[in-house]
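The values are calculated or read from the model by the stated rules, or taken from the named source; none is laboratory data. Since the model is a prediction, treat every value here as computed from it, not as a measurement. Heads up, the Cβs are rebuilt from the backbone with ideal geometry, glycines too, and the neighbour counts pull from every protein chain shown. Side chains included, ligands, DNA and RNA excluded: accessible areas come from the protein's heavy atoms. Shrake-Rupley method; radii C 1.70, N 1.55, O 1.52, S 1.80 Å.
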Amino acid sequence: MGLSLRKICKVKKTMSITAIRGFNDILPARSRLFSHMESEARRFFSLYGFDEIRLPILEKTELFKRTIGDTTDIVEKQMYTFSDLKGESLTLRPEATAPVARAFIENKLYTSPVTKLFYCGPMFRYERPQKGRYRQFHQIGAEVMGEDSPLSDAETIEMLWSYLKELGIESLELEINSLGCGECRPAFKESLTGFLSNKSDLLCDNCQRRIEKNPLRALDCKSAHCKDATAKAPSTLDFLCTSCVEHFDFLKEALGRMEVPATVNTRMVRGLDYYTKTAFEITTNEGLGAQNAVAAGGRYDSLIKDLGGPEVPCFGFAIGVERLSLVVDEAVVPDNPLIVFIAMGEEAERHASKSQGPVAALRRNQASVLVDFSRGNLKSRMKRADRLKASYVLILGEDELKDGTITLKDMNSGEQARIDVEEAIIRLTDGSLQEARL
Ligand code: HAM
(Lines give C-alpha, C1' and ligand atoms only; values in the text may rest on other atoms or scores of the structure.)
Protein backbone atom coordinates (compact mmCIF):
# COMPACT_ATOMS: atom_id res chain seq x y z
CA MET A 1 0.00 0.00 0.00
CA GLY A 2 1.24 3.50 -0.85
CA LEU A 3 2.22 5.99 1.84
CA SER A 4 -0.01 9.00 2.46
CA LEU A 5 1.55 12.43 1.76
CA ARG A 6 1.65 13.20 5.49
CA LYS A 7 3.55 10.00 6.16
CA ILE A 8 6.02 10.72 3.34
CA CYS A 9 6.69 14.18 4.79
CA LYS A 10 7.23 12.65 8.22
CA VAL A 11 9.67 10.06 6.87
CA LYS A 12 11.57 12.76 4.95
CA LYS A 13 11.74 14.92 8.05
CA THR A 14 13.27 12.21 10.20
CA MET A 15 15.79 11.44 7.47
CA SER A 16 17.12 14.98 7.02
CA ILE A 17 20.60 15.48 8.42
CA THR A 18 21.66 18.74 9.96
CA ALA A 19 25.12 20.15 10.64
CA ILE A 20 26.79 19.41 13.99
CA ARG A 21 26.01 21.92 16.77
CA GLY A 22 28.53 24.76 16.69
CA PHE A 23 29.67 23.85 13.16
CA ASN A 24 28.32 26.34 10.62
CA ASP A 25 27.87 26.52 6.88
CA ILE A 26 29.46 29.68 5.62
CA LEU A 27 27.06 30.81 2.94
CA PRO A 28 28.16 32.91 -0.08
CA ALA A 29 27.65 36.44 1.36
CA ARG A 30 29.63 35.58 4.52
CA SER A 31 32.12 33.55 2.52
CA ARG A 32 32.83 36.59 0.30
CA LEU A 33 33.56 38.56 3.45
CA PHE A 34 35.86 35.79 4.79
CA SER A 35 37.77 35.71 1.48
CA HIS A 36 38.11 39.47 1.51
CA MET A 37 39.43 39.49 5.09
CA GLU A 38 41.87 36.71 4.23
CA SER A 39 43.13 38.29 1.00
CA GLU A 40 43.51 41.68 2.72
CA ALA A 41 45.50 39.99 5.51
CA ARG A 42 47.67 38.24 2.91
CA ARG A 43 48.32 41.55 1.14
CA PHE A 44 48.76 43.68 4.27
CA PHE A 45 50.84 41.23 6.33
CA SER A 46 53.20 40.69 3.37
CA LEU A 47 54.06 44.41 3.65
CA TYR A 48 55.58 43.53 7.04
CA GLY A 49 57.51 40.52 5.70
CA PHE A 50 55.08 37.69 6.52
CA ASP A 51 54.78 34.54 4.38
CA GLU A 52 51.89 32.12 4.48
CA ILE A 53 52.10 28.65 6.02
CA ARG A 54 49.45 25.95 5.57
CA LEU A 55 49.27 23.43 8.36
CA PRO A 56 47.51 20.12 9.01
CA ILE A 57 44.20 20.28 10.81
CA LEU A 58 44.99 17.15 12.86
CA GLU A 59 47.98 16.93 15.17
CA LYS A 60 49.18 14.55 17.86
CA THR A 61 47.30 15.30 21.09
CA GLU A 62 50.56 15.57 22.99
CA LEU A 63 51.46 18.74 21.05
CA PHE A 64 48.58 20.70 22.57
CA LYS A 65 48.95 19.20 26.05
CA ARG A 66 52.59 20.23 26.20
CA THR A 67 52.11 23.75 24.83
CA ILE A 68 48.68 25.11 25.72
CA GLY A 69 48.92 23.51 29.17
CA ASP A 70 47.36 20.50 30.89
CA THR A 71 45.29 22.61 33.27
CA THR A 72 43.82 25.08 30.77
CA ASP A 73 40.13 24.99 29.77
CA ILE A 74 41.14 24.17 26.19
CA VAL A 75 43.09 21.04 27.09
CA GLU A 76 40.92 19.96 30.03
CA LYS A 77 37.55 20.13 28.32
CA GLN A 78 37.48 21.66 24.84
CA MET A 79 39.54 19.43 22.59
CA TYR A 80 38.16 17.12 19.90
CA THR A 81 40.40 14.18 20.66
CA PHE A 82 40.09 10.63 19.32
CA SER A 83 42.23 7.59 18.57
CA ASP A 84 43.01 6.66 14.98
CA LEU A 85 42.83 3.08 13.75
CA LYS A 86 46.24 2.33 15.22
CA GLY A 87 45.29 3.76 18.59
CA GLU A 88 47.28 6.99 18.31
CA SER A 89 45.65 9.93 20.10
CA LEU A 90 44.96 12.78 17.66
CA THR A 91 43.34 16.17 18.15
CA LEU A 92 41.61 18.59 15.79
CA ARG A 93 43.70 21.70 16.31
CA PRO A 94 42.11 24.11 18.83
CA GLU A 95 44.60 26.81 17.78
CA ALA A 96 47.58 27.10 15.45
CA THR A 97 50.49 28.55 17.46
CA ALA A 98 51.54 25.10 18.70
CA PRO A 99 51.33 23.59 15.17
CA VAL A 100 53.37 26.52 13.78
CA ALA A 101 55.99 25.91 16.48
CA ARG A 102 56.00 22.18 15.66
CA ALA A 103 56.42 22.91 11.93
CA PHE A 104 59.13 25.49 12.68
CA ILE A 105 61.20 22.91 14.56
CA GLU A 106 60.44 19.95 12.28
CA ASN A 107 61.36 21.86 9.11
CA LYS A 108 64.37 23.58 10.74
CA LEU A 109 63.03 27.03 9.83
CA TYR A 110 65.28 28.37 12.62
CA THR A 111 68.21 28.40 10.22
CA SER A 112 66.86 31.80 9.09
CA PRO A 113 67.51 34.61 11.62
CA VAL A 114 63.84 35.65 11.61
CA THR A 115 60.78 33.77 10.36
CA LYS A 116 57.45 35.57 9.97
CA LEU A 117 54.54 33.28 9.21
CA PHE A 118 50.83 33.79 8.89
CA TYR A 119 47.98 31.32 8.46
CA CYS A 120 44.24 31.19 7.88
CA GLY A 121 42.02 28.27 8.65
CA PRO A 122 39.56 26.40 10.85
CA MET A 123 40.13 25.62 14.56
CA PHE A 124 38.01 23.39 16.79
CA ARG A 125 37.00 23.83 20.43
CA TYR A 126 34.18 22.09 22.26
CA GLU A 127 32.72 25.25 23.82
CA ARG A 128 29.11 26.19 24.51
CA PRO A 129 28.02 27.82 21.23
CA GLN A 130 26.65 31.36 21.35
CA LYS A 131 26.94 34.50 19.23
CA GLY A 132 30.61 34.83 18.26
CA ARG A 133 31.55 31.47 19.82
CA TYR A 134 31.46 28.29 17.78
CA ARG A 135 32.91 24.81 17.88
CA GLN A 136 34.44 25.15 14.45
CA PHE A 137 35.70 28.68 13.90
CA HIS A 138 38.35 30.33 11.77
CA GLN A 139 41.45 32.27 12.66
CA ILE A 140 43.84 34.47 10.75
CA GLY A 141 47.06 34.36 12.74
CA ALA A 142 50.61 35.62 12.51
CA GLU A 143 53.77 34.48 14.31
CA VAL A 144 57.17 36.18 14.45
CA MET A 145 59.94 33.74 15.36
CA GLY A 146 63.46 34.88 16.21
CA GLU A 147 62.90 38.44 17.49
CA ASP A 148 63.15 39.27 21.18
CA SER A 149 62.82 43.04 20.86
CA PRO A 150 59.72 44.71 22.33
CA LEU A 151 59.76 46.80 19.15
CA SER A 152 58.83 43.62 17.29
CA ASP A 153 55.85 43.13 19.66
CA ALA A 154 54.82 46.75 19.03
CA GLU A 155 55.21 46.52 15.25
CA THR A 156 53.17 43.32 15.10
CA ILE A 157 50.40 44.81 17.25
CA GLU A 158 50.47 47.95 15.07
CA MET A 159 50.10 45.78 11.95
CA LEU A 160 47.07 44.05 13.44
CA TRP A 161 45.58 47.35 14.62
CA SER A 162 46.02 48.98 11.17
CA TYR A 163 44.58 45.91 9.45
CA LEU A 164 41.46 46.04 11.64
CA LYS A 165 41.14 49.80 11.02
CA GLU A 166 41.48 49.23 7.25
CA LEU A 167 38.55 46.86 7.44
CA GLY A 168 36.55 49.79 8.80
CA ILE A 169 36.22 48.75 12.46
CA GLU A 170 36.17 51.89 14.54
CA SER A 171 35.57 51.07 18.18
CA LEU A 172 38.63 48.99 19.01
CA GLU A 173 40.22 48.66 22.42
CA LEU A 174 43.66 47.24 23.03
CA GLU A 175 44.56 45.86 26.46
CA ILE A 176 48.09 44.82 27.30
CA ASN A 177 49.78 43.13 30.21
CA SER A 178 53.09 41.52 31.05
CA LEU A 179 53.07 38.00 32.45
CA GLY A 180 56.75 37.96 33.34
CA CYS A 181 59.26 35.29 32.44
CA GLY A 182 60.83 32.13 33.89
CA GLU A 183 62.86 34.36 36.24
CA CYS A 184 60.11 36.42 37.83
CA ARG A 185 56.88 34.46 37.28
CA PRO A 186 57.56 31.89 40.06
CA ALA A 187 57.59 34.63 42.74
CA PHE A 188 54.32 36.06 41.39
CA LYS A 189 52.75 32.59 41.24
CA GLU A 190 53.79 31.88 44.82
CA SER A 191 52.32 35.14 46.05
CA LEU A 192 49.10 34.58 44.09
CA THR A 193 48.81 30.99 45.33
CA GLY A 194 49.13 32.24 48.93
CA PHE A 195 46.48 34.91 48.33
CA LEU A 196 44.07 32.44 46.67
CA SER A 197 44.57 29.78 49.35
CA ASN A 198 43.31 32.25 51.94
CA LYS A 199 40.20 32.91 49.83
CA SER A 200 39.75 29.34 48.68
CA ASP A 201 36.20 28.90 50.02
CA LEU A 202 35.06 31.98 48.04
CA LEU A 203 36.29 30.62 44.71
CA CYS A 204 34.45 28.50 42.15
CA ASP A 205 35.27 24.76 42.00
CA ASN A 206 37.47 25.22 38.94
CA CYS A 207 39.59 27.93 40.53
CA GLN A 208 39.85 26.03 43.83
CA ARG A 209 41.14 23.01 41.95
CA ARG A 210 43.70 25.11 40.08
CA ILE A 211 45.11 27.08 43.02
CA GLU A 212 48.28 24.99 43.11
CA LYS A 213 48.81 24.18 39.44
CA ASN A 214 47.50 27.20 37.53
CA PRO A 215 46.62 30.05 39.91
CA LEU A 216 46.75 32.70 37.13
CA ARG A 217 43.51 31.35 35.65
CA ALA A 218 41.62 32.68 38.69
CA LEU A 219 42.39 36.24 37.55
CA ASP A 220 40.24 36.03 34.45
CA CYS A 221 37.60 33.65 35.75
CA LYS A 222 34.16 34.87 34.64
CA SER A 223 32.41 33.89 37.91
CA ALA A 224 31.24 36.94 39.89
CA HIS A 225 32.35 35.29 43.17
CA CYS A 226 35.88 34.78 41.87
CA LYS A 227 35.99 38.34 40.52
CA ASP A 228 35.06 39.71 43.96
CA ALA A 229 37.40 37.39 45.81
CA THR A 230 40.37 38.26 43.60
CA ALA A 231 39.75 42.01 43.35
CA LYS A 232 42.77 42.73 45.55
CA ALA A 233 44.97 39.91 44.26
CA PRO A 234 48.67 40.68 43.73
CA SER A 235 49.51 42.14 40.33
CA THR A 236 51.94 40.51 37.94
CA LEU A 237 53.51 43.92 37.28
CA ASP A 238 54.73 44.16 40.90
CA PHE A 239 56.87 41.06 40.43
CA LEU A 240 58.51 41.69 37.05
CA CYS A 241 62.30 41.38 36.84
CA THR A 242 64.33 44.25 35.37
CA SER A 243 64.40 42.71 31.89
CA CYS A 244 60.58 42.25 31.87
CA VAL A 245 60.01 45.78 33.20
CA GLU A 246 62.22 47.20 30.47
CA HIS A 247 60.48 45.11 27.82
CA PHE A 248 57.04 46.30 28.94
CA ASP A 249 58.13 49.95 29.16
CA PHE A 250 59.66 49.84 25.68
CA LEU A 251 56.49 48.26 24.32
CA LYS A 252 54.25 50.96 25.81
CA GLU A 253 56.53 53.70 24.54
CA ALA A 254 56.66 52.24 21.02
CA LEU A 255 52.89 51.78 20.85
CA GLY A 256 52.52 55.44 21.87
CA ARG A 257 54.86 56.51 19.05
CA MET A 258 52.87 54.41 16.60
CA GLU A 259 49.63 56.01 17.81
CA VAL A 260 48.15 52.68 18.87
CA PRO A 261 46.28 53.45 22.12
CA ALA A 262 46.75 50.73 24.74
CA THR A 263 45.37 50.26 28.26
CA VAL A 264 47.20 48.15 30.83
CA ASN A 265 44.99 45.43 32.31
CA THR A 266 46.86 43.49 34.98
CA ARG A 267 44.11 40.86 35.21
CA MET A 268 44.39 39.82 31.59
CA VAL A 269 46.30 36.52 31.78
CA ARG A 270 45.09 34.67 28.63
CA GLY A 271 43.71 31.15 28.46
CA LEU A 272 46.86 29.46 27.15
CA ASP A 273 49.91 28.68 29.28
CA TYR A 274 52.70 29.40 26.82
CA TYR A 275 52.84 33.17 27.20
CA THR A 276 55.80 35.06 28.64
CA LYS A 277 56.15 38.85 29.00
CA THR A 278 53.65 40.59 26.65
CA ALA A 279 50.03 39.46 26.46
CA PHE A 280 47.31 41.43 24.70
CA GLU A 281 43.69 41.39 23.57
CA ILE A 282 41.73 43.59 21.18
CA THR A 283 38.01 43.97 21.82
CA THR A 284 35.26 45.88 20.09
CA ASN A 285 31.96 47.09 21.49
CA GLU A 286 30.16 46.80 18.15
CA GLY A 287 27.46 44.39 19.27
CA LEU A 288 29.40 41.20 19.95
CA GLY A 289 28.15 40.91 23.55
CA ALA A 290 30.24 38.73 25.84
CA GLN A 291 32.39 37.35 23.01
CA ASN A 292 33.90 40.70 22.13
CA ALA A 293 37.59 39.77 21.76
CA VAL A 294 38.29 39.90 18.03
CA ALA A 295 42.02 39.19 18.31
CA ALA A 296 44.55 38.22 20.95
CA GLY A 297 48.10 37.07 21.37
CA GLY A 298 51.41 37.66 23.02
CA ARG A 299 55.00 36.59 23.44
CA TYR A 300 56.05 32.97 23.97
CA ASP A 301 59.81 32.86 24.43
CA SER A 302 60.13 29.34 25.83
CA LEU A 303 57.67 27.39 23.67
CA ILE A 304 60.10 26.36 20.93
CA LYS A 305 62.64 25.15 23.50
CA ASP A 306 59.96 23.34 25.51
CA LEU A 307 59.02 21.48 22.33
CA GLY A 308 62.59 20.28 21.85
CA GLY A 309 63.81 23.05 19.51
CA PRO A 310 66.47 25.69 20.02
CA GLU A 311 65.91 28.79 22.13
CA VAL A 312 63.92 31.10 19.83
CA PRO A 313 61.88 34.05 21.15
CA CYS A 314 58.48 34.40 19.50
CA PHE A 315 55.49 36.71 19.35
CA GLY A 316 52.15 36.30 17.63
CA PHE A 317 48.41 36.75 17.54
CA ALA A 318 45.23 35.29 16.09
CA ILE A 319 42.08 37.00 14.86
CA GLY A 320 38.66 35.36 15.21
CA VAL A 321 37.33 35.53 11.66
CA GLU A 322 33.66 34.84 12.53
CA ARG A 323 33.68 37.56 15.20
CA LEU A 324 35.32 39.98 12.81
CA SER A 325 32.83 39.15 10.08
CA LEU A 326 30.02 40.14 12.48
CA VAL A 327 31.41 43.68 12.81
CA VAL A 328 32.84 44.31 9.32
CA ASP A 329 30.40 45.94 6.93
CA GLU A 330 29.74 43.70 3.90
CA ALA A 331 30.02 46.82 1.75
CA VAL A 332 33.84 46.72 2.14
CA VAL A 333 33.94 43.73 -0.21
CA PRO A 334 34.53 44.89 -3.79
CA ASP A 335 31.48 43.99 -5.83
CA ASN A 336 31.62 42.34 -9.24
CA PRO A 337 28.14 42.93 -10.66
CA LEU A 338 26.53 39.89 -12.20
CA ILE A 339 25.74 39.82 -15.91
CA VAL A 340 23.19 37.21 -16.99
CA PHE A 341 23.61 36.16 -20.60
CA ILE A 342 20.48 34.97 -22.39
CA ALA A 343 20.92 33.26 -25.78
CA MET A 344 17.58 32.88 -27.59
CA GLY A 345 17.73 29.89 -29.93
CA GLU A 346 20.33 27.31 -30.83
CA GLU A 347 22.42 29.51 -33.10
CA ALA A 348 22.72 32.17 -30.41
CA GLU A 349 23.64 29.46 -27.89
CA ARG A 350 26.42 28.23 -30.19
CA HIS A 351 27.63 31.78 -30.66
CA ALA A 352 27.62 32.41 -26.92
CA SER A 353 29.86 29.44 -26.17
CA LYS A 354 32.52 30.19 -28.82
CA SER A 355 36.02 30.72 -27.49
CA GLN A 356 36.06 34.12 -29.18
CA GLY A 357 32.40 34.84 -28.37
CA PRO A 358 31.01 37.63 -26.16
CA VAL A 359 30.81 35.53 -22.98
CA ALA A 360 34.46 34.49 -23.16
CA ALA A 361 35.47 38.10 -23.99
CA LEU A 362 33.61 39.42 -20.96
CA ARG A 363 35.19 36.85 -18.66
CA ARG A 364 38.66 37.55 -20.08
CA ASN A 365 38.01 41.12 -18.96
CA GLN A 366 37.11 39.99 -15.41
CA ALA A 367 33.35 40.44 -15.76
CA SER A 368 31.23 37.91 -13.93
CA VAL A 369 28.85 36.20 -16.38
CA LEU A 370 26.22 33.60 -15.65
CA VAL A 371 24.90 31.98 -18.85
CA ASP A 372 21.23 31.15 -18.62
CA PHE A 373 20.88 27.66 -20.10
CA SER A 374 17.13 27.45 -19.62
CA ARG A 375 15.07 27.48 -22.78
CA GLY A 376 11.86 29.27 -21.83
CA ASN A 377 10.47 32.41 -23.40
CA LEU A 378 12.21 35.72 -22.92
CA LYS A 379 9.77 36.90 -20.26
CA SER A 380 10.36 33.90 -18.00
CA ARG A 381 14.13 34.11 -18.54
CA MET A 382 14.13 37.81 -17.62
CA LYS A 383 12.24 36.92 -14.43
CA ARG A 384 14.90 34.31 -13.70
CA ALA A 385 17.66 36.91 -14.20
CA ASP A 386 15.87 39.20 -11.78
CA ARG A 387 15.69 36.43 -9.17
CA LEU A 388 19.41 35.80 -9.70
CA LYS A 389 19.95 39.49 -8.75
CA ALA A 390 21.61 40.28 -12.08
CA SER A 391 22.85 43.84 -12.47
CA TYR A 392 22.82 43.54 -16.25
CA VAL A 393 21.26 41.20 -18.78
CA LEU A 394 22.64 40.61 -22.27
CA ILE A 395 20.22 39.14 -24.78
CA LEU A 396 21.39 37.57 -27.99
CA GLY A 397 18.46 36.67 -30.25
CA GLU A 398 17.82 36.13 -33.95
CA ASP A 399 17.53 39.86 -34.75
CA GLU A 400 20.73 40.67 -32.89
CA LEU A 401 22.59 37.85 -34.67
CA LYS A 402 21.58 39.28 -38.04
CA ASP A 403 23.25 42.65 -37.51
CA GLY A 404 26.00 41.87 -35.00
CA THR A 405 24.30 43.62 -32.09
CA ILE A 406 23.26 42.55 -28.62
CA THR A 407 20.59 43.86 -26.26
CA LEU A 408 21.92 45.22 -22.97
CA LYS A 409 19.52 45.80 -20.11
CA ASP A 410 20.47 47.65 -16.94
CA MET A 411 18.39 45.86 -14.29
CA ASN A 412 18.63 48.73 -11.81
CA SER A 413 17.39 51.54 -14.07
CA GLY A 414 15.35 49.32 -16.38
CA GLU A 415 16.94 50.99 -19.42
CA GLN A 416 17.54 48.78 -22.41
CA ALA A 417 19.27 49.28 -25.79
CA ARG A 418 20.49 47.26 -28.76
CA ILE A 419 24.12 48.08 -29.38
CA ASP A 420 27.16 46.59 -31.12
CA VAL A 421 28.51 43.53 -29.32
CA GLU A 422 31.93 45.13 -28.96
CA GLU A 423 30.46 48.29 -27.52
CA ALA A 424 28.52 46.25 -24.97
CA ILE A 425 31.71 44.51 -23.91
CA ILE A 426 33.56 47.81 -23.58
CA ARG A 427 30.74 49.35 -21.56
CA LEU A 428 30.61 46.41 -19.20
CA THR A 429 34.34 46.02 -18.70
CA ASP A 430 35.96 49.42 -18.92
CA GLY A 431 36.77 49.41 -15.26
CA SER A 432 33.60 51.25 -14.32
CA LEU A 433 31.20 48.37 -14.50
CA GLN A 434 28.99 49.77 -11.79
CA GLU A 435 28.68 53.10 -13.54
CA ALA A 436 28.04 51.63 -16.98
CA ARG A 437 24.70 53.01 -18.10
CA LEU A 438 22.90 52.85 -21.35
P1 HAM B 1 42.83 32.75 21.59
O2 HAM B 1 42.64 33.94 22.46
O3 HAM B 1 42.45 31.45 22.17
O4 HAM B 1 44.36 32.75 21.15
O5 HAM B 1 42.04 32.94 20.24
C6 HAM B 1 42.25 34.07 19.42
C7 HAM B 1 40.93 34.59 18.90
O8 HAM B 1 40.20 33.54 18.25
C9 HAM B 1 39.98 35.09 19.98
O10 HAM B 1 40.26 36.42 20.37
C11 HAM B 1 38.63 35.00 19.26
O12 HAM B 1 38.43 36.13 18.42
C13 HAM B 1 38.80 33.76 18.40
N14 HAM B 1 38.16 32.59 19.03
C15 HAM B 1 38.65 31.82 20.01
N16 HAM B 1 37.78 30.85 20.34
C17 HAM B 1 36.71 31.00 19.52
C18 HAM B 1 35.46 30.30 19.34
N19 HAM B 1 35.16 29.22 20.06
N20 HAM B 1 34.59 30.78 18.41
C21 HAM B 1 34.89 31.86 17.66
N22 HAM B 1 36.05 32.54 17.78
C23 HAM B 1 36.94 32.13 18.69
C24 HAM B 1 44.92 31.81 20.35
O25 HAM B 1 44.30 30.98 19.72
C26 HAM B 1 46.41 31.96 20.22
N27 HAM B 1 46.91 30.88 19.37
C28 HAM B 1 46.76 33.33 19.66
C29 HAM B 1 48.24 33.52 19.49
C30 HAM B 1 48.94 33.43 18.36
N31 HAM B 1 49.09 33.77 20.48
C32 HAM B 1 50.32 33.85 19.96
N33 HAM B 1 50.22 33.62 18.69
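If you take every residue apart from residue 315 with its C-beta less than 11 Å away from the C-beta of residue 315, what net charge results, scoring Lys and Arg +1 and Asp and Glu -1?
Values: positive: 116, 277, 299; negative: 143, 147, 148, 153, 155, 301.
Charge balance near residue 315 sits at -3.
Does the stretch 266-383 come out rounded, prolate or oblate by the C-alpha gyration tensor, with a ≥ b ≥ c the root eigenvalues, rounded set by a/c under 1.5 and, if not, prolate when a/b is larger than b/c and oblate if not?
prolate
Note on the chain: with a GNM built from Cα contacts shorter than 10 Å, the maximum mean-square fluctuation among 300, 126, 392 falls on 392. Exceedance of the 31 Å cut-off in Cα-Cα distance is limited, within the set 86/213; 116/165; 222/277; 65/108; 86/305, to 86/213.
Sort the stretch 343-398 into rounded, prolate or oblate with this rule: let a ≥ b ≥ c be the square roots of the eigenvalues of the Cα gyration tensor; rounded if a/c is under 1.5, and if a/c is not under 1.5, prolate when a/b is larger than b/c, oblate otherwise. Spell out each step's value before the answer.
Numbers: a/c = 2.57, a/b = 1.19, b/c = 2.16.
Taking the square roots of the gyration eigenvalues as a ≥ b ≥ c, the stretch 343-398 is oblate.
GNM on the chain, alpha-carbon springs under 10 angstrom: the most fluctuating residue among 73, 25, 399 is 399. Treating each Cα of the stretch 21-179 as one equal point scatterer and applying the Debye formula with no solvent, the log10 of I(q)/I(0) at q = 0.13, 0.19 Å⁻¹ comes out as -0.75, -1.48. Between helix 97-106 and the chain there is an angle of about 90 degrees, using the helix long axis and the longest principal axis of the Cα atoms.
Taken per residue, the accessible surface of the stretch 342-381 reaches 62 Å², heavy atoms only and a 1.4 Å probe.
Scanning the chain for trypsin sites (Lys or Arg not before Pro) lying in DSSP loops with no more than 13 further Cβ atoms inside 10 Å, the longest uninterrupted stretch between such sites is 233-353. Between residue 355 and residue 35, residue separation times 0.36 nm minus the direct Cα-Cα distance comes to 112.3 nm. Comparing mean-square fluctuations of 405, 283, 71 from a GNM of the chain with C-alpha springs under 10 Å, the top value falls on 405.
Whole number please: convex hull volume per residue of the Cα set in the chain, in Å³? Intermediate results must be reported in sequence, preceding the final value.
Numbers: hull volume 104.1 nm³, N = 438.
It comes to 238 Å³ per residue, whole-number rounded.
For residue 179, the solvent-accessible surface computed with a 1.4 Å probe is close to 10 Å², ligands and nucleic acids excluded.
When the P(r) of the stretch 145-237 is calculated, the portion above 19 Å amounts to 55% of the C-alpha pairs.
Its relative contact order, with pairs defined as Cα atoms under 8 Å and 6+ residues apart, puts the chain at 15 percent. Residues whose amide H lies under 5 Å from that of residue 80, counting only those 5 or more places away or on a different chain, are 92, 126; hydrogens are built 1.01 Å from N in the peptide plane.
Label the stretch 154-201 by shape, choosing from rounded, prolate and oblate, from the square roots a ≥ b ≥ c of the eigenvalues of the Cα gyration tensor; if a/c is under 1.5 it is rounded, and otherwise prolate applies when a/b is larger than b/c, oblate when it is not. It comes out oblate by the Cα gyration axes.
Pairwise Cα distances in the stretch 266-314 exceed 13 Å for 63 percent of all pairs. Of all lysines in the structure, the ones whose alpha carbon falls short of 16 Å from that of residue 227, not counting any fewer than 8 places away in one chain, are 199.
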